Each structure stands twice: as structure tokens, then as C-alpha cells.
Amino acid sequence: MALGQRLEIRQGQSLVMTPQLQQAIKLLQLSNIELAEYCETELEKNPLLERDETAPRETERETVERDSPSERADESLAREDFSKVADLDQSAHDNMYDADAAAPAPAGGQPLTDWTSVKSANRFDGDEDSLESTVAGVGTLKGHLEEQVAIAALLPDDRMICMALIDSIDEAGYLRGDLGELAERLGTEIEDVEAVLGVLQGFDPVGVAARDLAECLSLQLQARDRLDPAMAMLLTRLDLLARRDVAGLTALCGVDAEDIADMIAEIRDLNPKPGLAFGSEQVAPVVPDVFVRVGPDGAWLIELNSDTLPRLLVNSRYFAKVNKSARDKESKTYLTDCLNNANWLVKSLDQRARTILKVASEIVRQQDGFLTYGVRHLRPLNLRTIADAIQMHESTVSRVTSNKYIATPRGVFELKYFFTASIQAVNGAESHSAEAVRDRIREMIENEEGRDILSDDRIVSLLTADGVNIARRTVAKYREAMRIPSSVERRRLKSGV
């Protein structure tokens, strides 16, 4: 077989992702905050871009299905339960405590100064904001503990170990990390780390640096001189306490039911998360991308949140002026690239806004029943349904609904909230939304009267009678996801045992 070289021309099709197309896709899936940061970066890089300082024009509005004004929002989520002791140990859930946690207290211990006279007497030029800059916020737990380290009688090595332990304490006041790994990292013995930990656990607030919920409660009871053998035994089986198993606790602690009730009352008076009395990192509020409101004629009006949309302009005059004075080819190429990038960014921002508005309008049209009547009328919905309706690809709809929020008369929701799985109906009727079925289960359990507690099998029977074809394991899964105890635990709770 002879080998040789030859030239061939072949024609084919392929998808090429240009940098501009990649940029447009990236902008589509960014949240408002991320988009603002991206535009700030582009403003610094591109001299032809500038902010539009004029007043924002009124955003384009689209009218959806005509409907009556909406009712009030649904009730808040049900209270969490604590059916698993693992959750109690790991996250130190305080749901067994009826009393609210103590209010945050200033950590510095220094009295506030009356600035009403000082500011007027000692003002200098540029000191208009001295009051705001002087008043400090609530101290952090880490800072409060470090202040106590400074006055504690610790050797230099022990002080280093104590500071390392403080770095491993979370905002709730619990020590997260293995003592053996910490000792190995610091090059010391684990006995030394445990000794310093004992000192740290004596710091304020009481119960800080505990490794689990039982140890946190134990430290607080010890400070109150209430950690007797019966109480110590009770703390070893918090799972029985979570299930309100008084009989099991009585046999475990060797006391009667009346003493168990007193011990439970004492535990309720403790703080399971002592670190939360101090300041923590502030959580940024959710800013909606789209607003939905009822129009004068009862129709739904959808509009973009213009306050969060970056407004950029391309300075063509500046480009013409600078390009005229550019002499070398490299400068002209740079200016041309800047102009093309600026025009493409402005076009991409406009296309992004139109796409978000288009997807949100179709979601509102599909979920019109939810906006009018509540979560019970939430329809099963998937990305393909929206994509087919607006003639876009599913991946585009997925990017639009990521990290985007919509403000409705029923509250602020992530756009992905409206995409729920479907549960088949009995006799081939219209399918039910999984979210709507969860709400039915929650309401059934909330409306239980007396000792008439609904088991999962009974809930399945009631839902089947209402036309919902659901399995028992699905009911149990939804109930656990809503942190609702089992029927046995709810019966104990309502009986007061």
C-alpha cells in the first residue's frame, strides 16, 4: 500500500464559542451583585465605558393574565423539630427551649459616652461624621474571648494554644476541630491542649468552647452547681430527651417523673448557643430582580428592578477624539478592541434584561394560580415547559433562573422555587405540585386535635381521597424535610409527657 500526501477540502459544521458569546452567557447567570462587580471591573479596564448618570428610564412592563388582587401571604414555615440527636450534637439546635435566647449584649463593658456636648465643643473641619465613626458595633465572640486571654494568667505557650483554639470556635460558640490535629500542628502534646481547653471553657460566656451540645449544657449546669449524677446521666441520652421519653429517662437517671420534669425545666433555662449573643457576619439581604404587582385592571404587571441594573454608555466622542490622535497601529487596534468590547457589553446587558423579563413573564403566566390563591395552587413546572413556550433552550432558562429573585404580593421567591416536581393524580387527573402536597401535609398535621394524631399511613389515605397518588415513603420524606416529628413523637408532645 503506497503512502503519500495530498490536499483535501472538507465542509462541515461546528459550534464555536467566541469570547463575546462566552461573555453573554456568563452575564446571563450572574446575580445582581455579581453583575455590578463585573461591570465595575470593566469600567476600570475599558476607557470608553462610562456610567449613565441620568435618571433611569421607566422599565418596560408586560401584562400577563387578567386576575383579581392577591390575598395575604401564607403562614410562615413550621417550627423545627429535633427528632435526631445527631442534629442536636452537630448544630446545637435549641428548639427544645421555649424561652427566647438572651438579647445580644455589648462585649466591651465600656459605658457609652454622651457625645451631645463633646461634639459641639471639639469639632474640627471634616469631623461631621465623628459620631458615626465613634460608635462601635456589637463586639464579636472572637474579640470577646481574646480580651479574656489578655488578662488570663497563661504561659506564652499556653496562650498560643488558646488563640489557636479560639480560631476554631464557630459563631455559636462551639469548638469545631480535632484536638489531636491541633496538637500536631502546634507541635505540642494533646494533654497540654486539653488543659488549655479547660481554661478556655471557663471564659465568658458560660458554655463556650464546648465540643457538642451535651458538653455545652454540662458547662452551664456546672457553673450553676446543678450538675449532679442524675443530671449528668440525663445529658448522656439527649435523644431520649428529644423524644420526650420520660419513662426511659426515669429508668436511666434513677429518679421519679417529677424530678425528671424539674431537670427538663432546668435544661430549658440554659442557652444552647452561647456565642450567638455576640455579633456575627451580616448576611446580605435578597434583592429581587423582578417585581410582580397587580395592575389597576387586575392584571399582573411584571417589571425589572431598574435600581439593580447597571447602566453603561459607550463614549463614542472620546473614541473619535483619541483615535484621531493615535499614530501607531497598536494604539488603533487597542482602541478598536475597546470600542467593540464596550458595544458588546452594553448589548449583552440589554439582552440579559430582556431575557430575564421574558422568562419571568412566562413563569407568572404558568403560576397564576399560586399568585392568586396560594401555594396549594402551585402547578408542576419544569424548564422544558418554559423553554418551549418562549422558544429558548433549556440551558438558557436554567441560567436565567439561577440566583435570580422575584418579588410578588406573596413574598420574595427564587425563580427556581416555581419549578417543582409533579405527583400523579388519581384516575388520570391533572398532576399535583410537590410543594403543594407538602403544604397539605403540613396543614393536616397542624390541624390535629387532641390525641387524634395522624400517622403517615393515615395521611396517605387522606391525600388519596383528595386525588393525590402518593406513597407512604414520600410522605415520610416530605415530613422529615419540613422537620416535623413522627406521629409517636407528636403524640408525646401533645400529651405533655
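The values are calculated or read from the model by the stated rules, or taken from the named source; none is laboratory data. Small disclaimer: the values here were computed from a predicted structure and weren't measured. Counting neighbours? That spans all protein chains shown, and the Cβs are built from the backbone with ideal geometry, glycine included.
The figures follow:
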quantity: Selection status of V322, over 26 Å from S361 (Cβ atoms), at pLDDT 85 or above and of a type in the set (V, I, T); calculated: yes
quantity: Residue list for segment 41-55, filter: of a type in the set (D, E) and either more than 20 Å from T336 (Cβ to Cβ) or part of a strand (DSSP E or B) (or both); calculated: E50, D52, E53
quantity: Only listed residue being crowded, with 16+ Cβ neighbours inside 10 Å, modelled with pLDDT of 90 or more and among the hydrophobic types (A, V, I, L, M, F, W, C), chosen from I423, I363; calculated: I363
quantity: Options N323, N315, N340: the member that is in the same structural domain as V375 (by TED's automatic domain parsing), more than 37 Å from the chain's Cα centre (by Cα) and closer than 27 Å to V400 by Cα; calculated: N340
quantity: Per-region count, segment 171-196, residues surrounded by 15 or more Cβ atoms within 10 Å (Cβ to Cβ) and within 32 Å of the chain's Cα centre (by Cα); calculated: 8
quantity: K347 being touching a helix residue (DSSP H, G or I) at 6+ places or on another chain (Cβ under 9 Å), of a type outside the set (S, T, N, Q) and not in a strand (DSSP E or B); calculated: yes
quantity: Residue identified as farther than 24 Å from E34 by Cα and either in contact with a Phe, Trp or Tyr (Cβ under 6 Å, 6 or more places away or on another chain) or in a loop (DSSP other than H, G, I, E, B) (or both) among E430, E435; calculated: E430
quantity: Complete set of residues in segment 354-409 that are of a type outside the set (A, V, I, L, M), over 25 Å from the mean Cα position of the chain (by Cα) and part of a loop (DSSP other than H, G, I, E, B); calculated: Q391, H393
quantity: Any chance I302 is closer than 30 Å to Q220 by Cβ and modelled with pLDDT of 90 or more; calculated: no
quantity: The lone exception for R268 - which of (1) surrounded by 14 or more Cβ atoms within 10 Å (Cβ to Cβ); (2) in contact with a Phe, Trp or Tyr (Cβ under 8 Å, 6 or more places away or on another chain) it fails; calculated: (1)
quantity: In segment 207-245, the residues that are of a type in the set (D, E), surrounded by 16 or more Cβ atoms within 10 Å (Cβ to Cβ) and free of Cβ contacts under 8 Å to residues at least 12 places away in the same chain; calculated: E215
quantity: Answer from L313, L252, L339, L276 - the residue that is closer than 22 Å to L43 by Cβ and in a helix (DSSP H, G or I); calculated: L339
quantity: Test result for R352, closer than 24 Å to L27 by Cβ, of a type in the set (K, R) and free of Cβ contacts under 8 Å to residues at least 40 places away in the same chain; calculated: no
